[in-house]
Structures are given as structure tokens and as C-alpha cells.
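For reference, the structure discussed in these notes is given below.
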Amino acid sequence: VLDVLDTLDAAGLTVADFLRALSWGNPACVTNTRIKNTRTSFLGSPYLLQLLRTWWKPPRSPRSHKSRPKGARQTLKIFALEAIQEVVQDELGAIDPLLRSSSDRLTKDDLT
């Protein structure tokens, strides 16, 4: 890990800069086959879910009396809310035609 951090530092990048570039950061990163394959592999890896869970609730030593590190909890809350809103809007949009009556007058048949 330290070697990778040293390489990023030598390239003038932070971890955030690197992850942003890997994640469709610019046109070259979108079209480069090696970057695409690496990104696809990472996004399909079970480690991604593990990372998100760790960023949500970072581990701490069982002997520690300090509060748990904050990790990315606040950022993940914002993301989760945005994602849930999008999913709910999509789902409501999909069932919208089923919830509309066939005319202005609502009949028993429309409700059953």
C-alpha cells in the first residue's frame, strides 16, 4: 500500500484523484481498454461492497475507548438518499399507468 501511495504522490495524485480518474474521470479513462477492464473488474468485485461497508462503519480496536472513526458515513448517507429517491421515482413511474383511471369518472372496474 505504501508503494502505491508513493507512486500516486510521485504522479501528483491523491487517492481521490486516482479513483475519480478510474471512475470515468475523463475521456481518455473512458476509452482506454486497460482502464475499462480494471474499472469493470473493480466494480464487479465483492471487495467493493466490503469497502462500502467499511467506509460506512470503520473498524476500531476492541480495546479502544475512543469513538469510532467517522469514515464516509455522511457522504454515504447523502448518496443513499439520492439513490433511493431515484429508484422510488423509477418504480412509481413504471406503475403510474396502472394507477390511472381510463376516464375522468372513476368506476368500480377501475379500482379492481
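The values are calculated or read from the model by the stated rules, or taken from the named source; none is laboratory data. Treat the numbers as computed from the prediction; the structure is a model and nothing was measured. Cβ sites come from the backbone with ideal geometry, for glycine too, and all protein chains shown count toward neighbours. Quick note on the areas: whole protein, heavy atoms, side chains included, nothing else; ligands and nucleic acids left out. Shrake-Rupley method; radii C 1.70, N 1.55, O 1.52, S 1.80 Å.
Output the residues belonging to the range 54-76 that are exposed (fewer than 13 other Cβ atoms within 10 Å of the Cβ), closer than 18 Å to A16 by Cα and among the basic types (K, R).
Selection gives K70 alone.
Write out, first by first residue and then by second, each pair whose Cβ atoms fall under 7 Å of each other, whose residues are 6+ apart or on separate chains, and whose first residue, in the range 13-31, is under 18 Å from W55 (Cβ atoms) while the second is assigned to a helix (DSSP H, G or I).
Within 7 Å, the pairs are T14/L8; V15/L8; F18/L8; L22/C29; L22/I35; L22/T38; L22/R39; S23/R39.
Of these, S45, S41, which one is farther than 18 Å from F79 by Cβ, small (G, A, S), modelled with pLDDT of 95 or more and open to solvent by 70 Å² or more (accessible area, probe 1.4 Å)? Before the answer, list the steps.
Details: S45 fails: open to solvent by 70 Å² or more (accessible area, probe 1.4 Å).
The match here is S41.
For the range 12-40, what are the residues that are outside any helix (DSSP H, G or I), under 22 Å from V1 (Cα atoms) and either touching a Leu at 6+ places or on another chain (Cβ under 7 Å) or not aliphatic (A, V, I, L, M) (or both)?
Filtering the range 12-40 down to residues outside any helix (DSSP H, G or I) leaves 12-14, 23-26, 32.
Those left that are additionally under 22 Å from V1 (Cα atoms): 12-14, 23.
Result: G12, T14, S23.
Looking at (1) at pLDDT below 95; (2) open to solvent by 70 Å² or more (accessible area, probe 1.4 Å), which one does T7 not meet, given that it meets all the others?
(1) is the only condition that T7 fails.
Could you please find all residues in the range 18-31 being open to solvent by 70 Å² or more (accessible area, probe 1.4 Å) and not hydroxyl-bearing (S, T, Y)? Full working, then the answer.
Kept after step one, since they are open to solvent by 70 Å² or more (accessible area, probe 1.4 Å), are these residues of the range 18-31: 18, 20, 24, 27, 31.
The answer is F18, R20, W24, P27.
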